[in-house]
Amino acid sequence: MAHITLKNEELPGIVGLLNFRPETARPLLDLAETLLRGPSDLTSGEREIIAASVSYWNNCHFCHTSHAAAACAHLGAGLGFIDEIKAGLPSAPVSDKLRALLHIAHQVQKGGKNVSDADVAAAREAGANDSEIHDAVLIAAAFCMFNRYVDGLGTWAPQPNEAYKEMGERMAFFGYGKS
């Protein structure tokens with residue numbers, strides 16, 4: 001049960017919170033749509049991996065699993081990929097560039113000033129451009145906010161990965177704030 005009385009207690013995670021305050025929902029959904037599906041040099045699948053990874057590092061089960069499920073949908077991967085993201089993608093065929101951007105995102109997750117010149121240089125050496133570095137930092141920062149919103153209000157989340165398949169597909173193929 002959430003820390004506040006939601007309009008619909010059956011809606012999990014951020015979904016119940018967005019339903020509670022539609023006037024704050026719209027800008028948050030627009031931000032998610034822009035960051036994860038809008039124009040970018042990174043694919044939507046790569047951006048969802050960044051969002052899911054930051055959410056996992058923040059121990060936000062709902063956000064991690066829903067965005068990892070969206071990454072699965074974008075990449076045509078099975079739901080086992082959700083656990084691969086939790087493990088840091090040890091056997092996933094992801095680029096060195098994405099790994100370097102994930103390192104930067106992890107530094108942002110710990111605190112923005114943890115990103116060093118060496119981290120950025122390593123990302124550039126792996127092929128990342130300024131736009132991709134920017135997007136990785138902004139996704140990481142935004143998901144720290146989303147994670148704290150969801151967990152700070154004590155929302156509930158389904159546990160099994162399978163419970164997120166349809167949600168992940170909807171986010172990947174139809175976007176944020178759409179049915």
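Can you send over the carbon and sulfur percentage of the accessible area for the chain, probe radius 1.4 Å, protein chains only?
On the way: 4770 of 8590 Å².
The computed percentage sits at 56.
Listed by chain and number, the lysines whose C-alpha is less than 23 Å from the C-alpha of Lys86, apart from same-chain residues fewer than 8 away, are Lys97, Lys110, Lys165. Using the Karplus relation 6.51 cos²θ - 1.76 cosθ + 1.60 with θ = phi - 60°, the per-residue 3J(HN,Hα) values for segment 56-72 come to 5, 4, 8, 6, 9, 4, 4, 5, 4, 6, 5, 6, 5, 5, 5, 4, 4 Hz, with x marking Gly and Pro. Across the chain, the longest piece that holds none of the GluC sites (Glu not before Pro) lying in DSSP loops with up to 15 other C-beta atoms within 10 Å covers 11-179.
When the alpha carbon gyration tensor of the chain is reduced to an equivalent ellipsoid, its three semi-axes come out at 26, 17, 15 angstrom, largest first. Distances between every pair of Cα atoms in segment 1-57, grouped in 5 Å steps from 0 to the bin holding the largest one, split as 4, 18, 19, 18, 19, 14, 5, 2, 0 percent.
Among Tyr149, Tyr56, Tyr164, the residue with the largest mean-square fluctuation in a Gaussian network model of the chain, with springs joining Cα atoms closer than 10 Å, is Tyr149. If R₀ is 45 angstrom, what is the calculated FRET efficiency for the pair Ala2 and His103, using the beta carbon separation as r and rounding to 0.05? For Ala2 and His103, the calculated efficiency is 0.85.
From the helices alone, meaning DSSP H stretches of at least four residues, give me the mean residue ellipticity at 222 nm for the chain, per-run term -39500 (n - 2.57), in deg cm²/dmol to the nearest 500. Spell out each step's value before the answer.
Details: 9 runs with 117 residues, N = 179.
Calculated from helices alone, the mean residue ellipticity at 222 nm is -20500 deg cm²/dmol.
Applying the Karplus parametrisation 6.51 cos²θ - 1.76 cosθ + 1.60 with θ = phi - 60° to the phi angles of segment 35-51, what ³J(HN,Hα) value in whole Hz is obtained for each residue in order, glycine and proline being reported as x? Once rounded to whole Hz, the list reads 5, 9, 10, x, x, 6, 6, 8, 6, 4, x, 5, 5, 5, 4, 4, 4.
A viscosity of 1.306 mPa s and a temperature of 10 °C, combined with the Kirkwood radius over C-alpha pairs in the Stokes-Einstein formula, give segment 92-179 a diffusion coefficient of 106 µm²/s.
Each residue of segment 20-32 is assigned a 3J(HN,Hα), and the resulting list reads 5, 10, x, 5, 8, 4, 4, x, 5, 5, 4, 4, 4 Hz, derived from the Karplus form 6.51 cos²θ - 1.76 cosθ + 1.60 (θ = phi - 60°), x at Gly and Pro. Average accessible surface for the chain: 48 Å² per residue, computed with a 1.4 Å probe over protein heavy atoms with every protein chain in place. Counting only residues at least eight positions apart within a chain, or on another chain, there are no aspartates and glutamates with an alpha carbon under 12 Å from that of Lys7. The Cys residues in the chain with no partner Cys Cβ within less than 4.7 Å of their Cβ are Cys72, Cys144.
The values are calculated or read from the model by the stated rules, or taken from the named source; none is laboratory data. Everything numeric here is computed off the predicted structure, so don't read it as measured data. Using ideal geometry, Cβ is built from the backbone for each residue, glycine included, and neighbour counts are taken over all protein chains shown. The protein model used for the area step is the full one, side chains on, heavy atoms only, and it has no ligands, DNA or RNA in it. Shrake-Rupley method; radii C 1.70, N 1.55, O 1.52, S 1.80 Å.
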